[in-house]
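Down below is the structure, laid out as structure tokens.
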Amino acid sequence: MDHFAHAYYLPGSVDSHCHLSIMEQKGLPVDLILQDCVAAQMSHVVDVGISIDDLPNRRARFGTYPIVRFTAGVHPMNAATWDDHGLLEKHVTTGDVVAIGETGLDWYRGRDTADAQVRAFEAQLHLARRLDLPVVIHNRDATDDVYHMVRNITPPAGGVMHCYSASAQWVARFVDLGFSISFAGNVTYKNAAELRDAARVVPSDRILSETDAPYLSPIPARGKPNHPGYVSHTIRVLAEVRGASVDALIEQIAANTRALFRLPPV
Ligand SMILES: [Zn+2]
């Protein structure tokens, strides 16, 4: 089947950020994919929330897979739906959630909703602090503003700059605030030299891998719907630019993921 043409599932690998429900909406056979992830002994697949009430459905649909962990949060493009009445918190505290997010700022698509984005982001940073959970951060063309907000309201449990897109110079600043840096399939793209420069300078104990599936498929699957089986292509490129072996990097990323999301060893 087409979706599996370029998939090779590496034992121990982690997809720290994907959207299983959206993959399913795009027609991907998510059960088959998750079964392959399990069969290949991938470590973890983290299913990331984007709206204030999506957690119960995601948990009901994918909660039977021990490999899957959940986050819960309101994506910046859904920021207008943020409510201060504790709806998100109610879902989170009754469950098995490993992080708050994804939240953050998107100035590329959402200048017109800037106020709502800031409000929802601020509230979710406070929620992460209150619940002592890490936070998953979406940043698009908003590095400076994201940095200042997380510096002002820093979750003690840290967090992750998901689908990292800032320059190498910013890496140390986010790392100093306790953040990990996660790379998605775009690090494999031909024109992504700057991103590879950033990947080179991330400290070993702070690097993570993800797909952001169904978006951003790595080369050689670029243009197709993405899924966790493709994270191996991203890891291979990360290993290459960092001068590490693929096996050592997989092990390191798995350990980093467990530390950040406080997951038990598999
Ligand atoms: Zn995402």
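The values are calculated or read from the model by the stated rules, or taken from the named source; none is laboratory data. Small disclaimer: the values here were computed from a predicted structure and weren't measured. Here the Cβ positions follow ideal geometry from the backbone for every residue, glycine too, while neighbour counts run over all protein chains shown.
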Subject >> Filter result for G158 (within 16 Å of the ligand (Cβ to nearest atom), surrounded by 16 or more Cβ atoms within 10 Å (Cβ to Cβ) and in contact (Cβ under 8 Å) with a residue 40 or more places away in the chain) >> reply: no
Subject >> Whichever residue in region 135-160 is assigned to a helix (DSSP H, G or I) and of a type outside the set (V, I, T) and, among such residues, is farthest from the chain's Cα centre (by Cα) >> reply: N152
Original post:
With respect to P220, is the statement that it is at pLDDT below 95 and not polar (S, T, N, Q) true?
Top reply: yes
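Mind checking which residues of region 13-33 are among the charged types (D, E, K, R) and under 12 Å from Y65 (Cβ atoms)?
Matches in region 13-33: D31 only.
The rows are residues; the columns are (1) more than 16 Å from the ligand (Cβ to nearest atom); (2) hydroxyl-bearing (S, T, Y); (3) out of contact with any Cys (no Cβ under 7 Å at 6 or more places or on another chain).
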{"position": "T71", "(1), (2), (3)": "no, yes, yes"}
{"position": "D84", "(1), (2), (3)": "yes, no, yes"}
{"position": "T103", "(1), (2), (3)": "no, yes, yes"}
{"position": "G110", "(1), (2), (3)": "no, no, yes"}
{"position": "E122", "(1), (2), (3)": "yes, no, yes"}
{"position": "A128", "(1), (2), (3)": "yes, no, yes"}
{"position": "V136", "(1), (2), (3)": "no, no, yes"}
